1. If I model a spin label as a point 7 Å beyond the Cα along the Cα-Cβ vector, how far apart are those points for ASP124 and VAL73 in nm?
2. Within region 149-290, what whole-number % of the accessible surface is contributed by carbon and sulfur, with the 1.4 Å probe and all protein chains included in the calculation?
3. So with the 1.4 Å probe, I'd like the accessible area per residue for region 139-290, rounded to whole Å².
4. How far apart, in nanometres, would the label points at ALA47 and VAL262 be if each is projected 7 angstrom from Cα along the Cα-to-Cβ direction?
5. Give the long-range amide H neighbours of LEU151: residues separated by 5 or more places, or on another chain, with amide H under 5 Å away, using H modelled in the peptide plane at 1.01 Å from N.
6. Once you have the Cα-Cα distance between LEU107 and GLU150, take 0.36 nm times their residue separation minus that, and quote the gain in nm to one decimal.
7. Near the amide H of ASN220, under 5 Å away, which other amide H atoms are found, from residues 5 or more places off or on another chain, if H is placed in the peptide plane?
8. Using only the alpha carbon atoms of region 154-277, find the Kirkwood hydrodynamic radius as the inverse mean reciprocal pair distance, in angstroms to one decimal.
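The values are calculated or read from the model by the stated rules, or taken from the named source; none is laboratory data. Source: prediction; values computed, not measured. Ideal geometry is used to build each Cβ from the backbone, glycine not excepted, and the neighbour counts take in all protein chains shown. Each accessible area value is taken on the protein alone, full model and side chains, heavy atoms only, with ligands, DNA and RNA left out. Shrake-Rupley method; radii C 1.70, N 1.55, O 1.52, S 1.80 Å.
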Amino acid sequence: MHGFSSMFNKKQDSSDTRRIPHGSPSTSGAAQTNGIIRPAYVIERYAAYYPMNHKRRGMALLFSHNKYNVRNVPLPVRDGSAIDCKRLKESLDFLGFDVKVYQDFKLEEIKAVVEKVSSMDHKDNDCILIAVLTHGEEGDYVYAHDVSYELSTIWCHFTADNCPSLAGRPKIFLVQACRGNKLDNGVKVQKDGVARYSIPTHADFLFAYATIPGFMAFRNTTEGSWFINELCKELQENGHKYDLVTLLTFVTQKVAYDHESVSNVPEYNMRKQTPCVVSMLTRLLLFNQV
């Protein structure tokens, strides 16, 4: 969260209904004709797992921000963010993603990347992942290099009607950013097929936030953020063993139980954090080995 980094010394923690008609099987990319979304493939309606056996895992876009130039908003440098970006890239490489890192992009540059990627044909990809590492505000506003923007500016491009080739496939969003100014004091605990069916435009999204709405997210200035650190550990240790929602549950457990802020400023010392997972996934997502 901007305005707080200066309060922490090095080695301390800083804050940071449109109807879709039935689809049909196709061997080519998804298409949209007269408002009808035709996914690149249609799997069994009640299949338990997403198919993760396409030619490619998919793209992973990392929008990482360290420095800012926002008019009338003196945002501090995000010390430790480079470590987050490096670890996350390594973890996603391990899972088979085609990782692209975009450092300190302005909003118009971010929008250009997102618009280009959403217009691509993803028929040979399992899924897509987008990570945003930056400062944030209440109401799902985050900062580009030059201005704040709503996260929906990014994810709206990947709904089934805007990106038909990803219809029915997982769209994963990771957000390391504050979502407000509140602090958590914590409490002490004593002891494919031929199936035809409609696909909602907003199905198959998953959002994993570093913290719950209204609260700050912590980032160690030398070790990186709690959330990204624990996420990367879990992906590398158990990424091929458990489904993604289960992995994120363990990440939440580690962040909530194993971390506590350290600061010379009493108000920000010994504070807690709880990640927040919002899932619209319709199946289990398991990253099989590639």
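1. About 4.0 nm separates the two model spin labels.
2. Details: 3270 of 6180 Å².
On region 149-290, the fraction of accessible area on carbon and sulfur atoms equals 53 percent.
3. Details: 6590 Å² over 152 residues.
Accessible surface, normalised per residue, equals 43 Å².
4. Between ALA47 and VAL262, the label points sit 4.8 nm apart.
5. VAL142
6. Working: separation 43, 0.36 × 43 = 15.48 nm, distance 1.05 nm.
Taking 0.36 nm per residue and subtracting the Cα distance, the gain is 14.4 nm.
7. HN-HN under 5 Å from ASN220: SER14, SER225, TRP226.
8. Working: mean 1/r = 0.0605 Å⁻¹.
One over the average 1/r among Cα pairs gives 16.5 Å for region 154-277.
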